[in-house]
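So the structure is just underneath, and the comments pick up after that.
The values are calculated or read from the model by the stated rules, or taken from the named source; none is laboratory data. Here the structure is a predicted model, which is why all the values come from computation and not from measurement. Neighbour counts are summed over all protein chains in view; Cβ atoms, including those assigned to glycine, are modelled from backbone coordinates with ideal geometry.
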Amino acid sequence: MVRPAQIKLDPRTHVMVLTGAGVSAESGIPTFRGSAGLWEEHRVEDVASPAGFLRDPALVWRFYSERRAAAKDVRPNAGHAALAALEEQLGDRFLLATQNIDGLHQAAGSRRVIEMHGSLWKTRCSRCDRPAFDDRDSYTAQNLPGCAQCDARGDFALLRPHIVWFGEALASEDLARIDAFLRPGAGTRLVFVSCGTSGMVQPAAGIARVARSRGAETWLVNLESPDNAGDFEHTVMGKSGELLPQLFAVTG
Ligand code: BJW
């Protein structure tokens, strides 16, 4: 029998995991690219860009409302659970950066999570700096939501999904937290794992190269070869729900 590849984790090991849509695929959430992907039915620039929202907010809200409805009863899978269990063992020596907006890592119990591209379950104002708030509602052309805070000032502004669209900056505090984690102290062994992402979207796709340039061991866990495959020293091909539960061996 072939033994599956394992990452051995001793007490000096710090682990950062980057996840993408592939990690939620086995829970039934479609990925973005490829056949039957989310982008198949939509032009990206129409539903995931600030210009698209300005042009047709009803279309954008319909797209995200349909995704809220589809993700409402979805459950985390064994891959999500494995990462939550790993965090339980490593504590602050673990960080999870996800590009996913579905909240499934948190539903599985992960707490040290950075949602790099925002959250499907939050809404914010498209104009004022009112903080994003929890929201599971659906909106259509008939009930497009306006911002109450802007309204109180006699302004009108639409609320928008709390998502990082193409051309928008990621939260600087999130990027700073990732950068700091990738600068561990002397004597630390750093391991970086990328899982279920096509490695096409920046800046997430570039983290592997940064990690490697800082001496991290880089691991790829994916169904197909991603665009940034050359940045990894170790590759394990297959489904994350099957591979992640057996990938980590904590010693000591
Ligand atoms: C499995 C599996 C299983 C399947 N098990 N695996 C440098 C160079 C070139 C371009 C740029 C650059 N820097 C910035 C850009 C522009 C742009 C970009 O990257 N464009 C590229 C496409 C070329 N980036 C941006 O615009 C970013 N902003 C930015 O950089 O701002 C700079 C700035 C600074 C200061 C001021 C202003 C601006 C923002 C990117 C935001 C991305 N947002 C999206 C949509 C919103 C979220 C949503 O609606 O859900 O996020 S795009 C979409 O792609 C989504 C995803 O999070 C993201 C990544 O997709 P992911 O997760 O990789 O999914 P897939 O489907 O592509 O791949 C799935 C993978 O899983 C596959 O490999 C499968 O094989 C695998 N798989 N089942 C394991 N069971």
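Out of LEU86, LEU120, which single residue is crowded, with 17+ Cβ neighbours inside 10 Å and under 16 Å from the mean Cα position of the chain (by Cα)? Steps first, answer last, please.
Working: LEU86 fails: under 16 Å from the mean Cα position of the chain (by Cα).
That would be LEU120, the only listed residue that is crowded, with 17+ Cβ neighbours inside 10 Å and under 16 Å from the mean Cα position of the chain (by Cα).
Against the conditions (1) of a type in the set (Gly, Ala, Ser); (2) in contact with a helix residue (DSSP H, G or I) (Cβ under 7 Å, 6 or more places away or on another chain); (3) in a loop (DSSP other than H, G, I, E, B); (4) surrounded by 15 or more Cβ atoms within 10 Å (Cβ to Cβ), GLY167 satisfies every one except (4). For segment 112-131, indicate whether the set of residues that are more than 16 Å from the ligand (Cβ to nearest atom), at pLDDT 95 or above and within 30 Å of GLU242 (Cα to Cα) is non-empty. Looking for residues that are more than 16 Å from the ligand (Cβ to nearest atom), at pLDDT 95 or above and within 30 Å of GLU242 (Cα to Cα), one finds at least one in segment 112-131, hence yes. Note on segment 91-136: among residues that are touching a residue at least 40 places away in the same chain (Cβ under 8 Å) and in a loop (DSSP other than H, G, I, E, B), the one that is farthest from GLU26 (Cα to Cα) is SER126. In segment 195-208 there is at least one residue matching the filter, namely being free of Cβ contacts under 8 Å to residues at least 40 places away in the same chain, out of contact with any Pro (no Cβ under 6 Å at 6 or more places or on another chain) and in a helix (DSSP H, G or I).
Within segment 17-32, if we keep just the residues that are crowded, with 24+ Cβ neighbours inside 10 Å and more than 15 Å from GLU224 (Cβ to Cβ), the residue that is farthest from the ligand (Cβ to nearest atom) turns out to be VAL17. Selection within segment 220-234: residues that are more than 12 Å from the ligand (Cβ to nearest atom) and in contact with a strand residue (DSSP E or B) (Cβ under 8 Å, 6 or more places away or on another chain). The member of this set that is farthest from ALA85 (Cα to Cα) is ASP231.
Scanning segment 151-158 for any residue that is within 16 Å of the ligand (Cβ to nearest atom) and modelled with pLDDT of 95 or more turns up nothing. On the stretch given as segment 37-80, residues that are touching a Ser or Thr at 6+ places or on another chain (Cβ under 8 Å), within 11 Å of the ligand (Cβ to nearest atom) and not in a helix (DSSP H, G or I) total 2.
Applying the condition of being over 23 Å from HIS80 (Cβ atoms) and among the small types (Gly, Ala, Ser) to segment 179-215 and asking which residue is nearest to the ligand (Cβ to nearest atom) yields GLY206. Residues of segment 197-213 that are small (Gly, Ala, Ser) and in contact with a Gly (Cβ under 8 Å, 6 or more places away or on another chain): SER198, ALA204, ALA205, ALA208.
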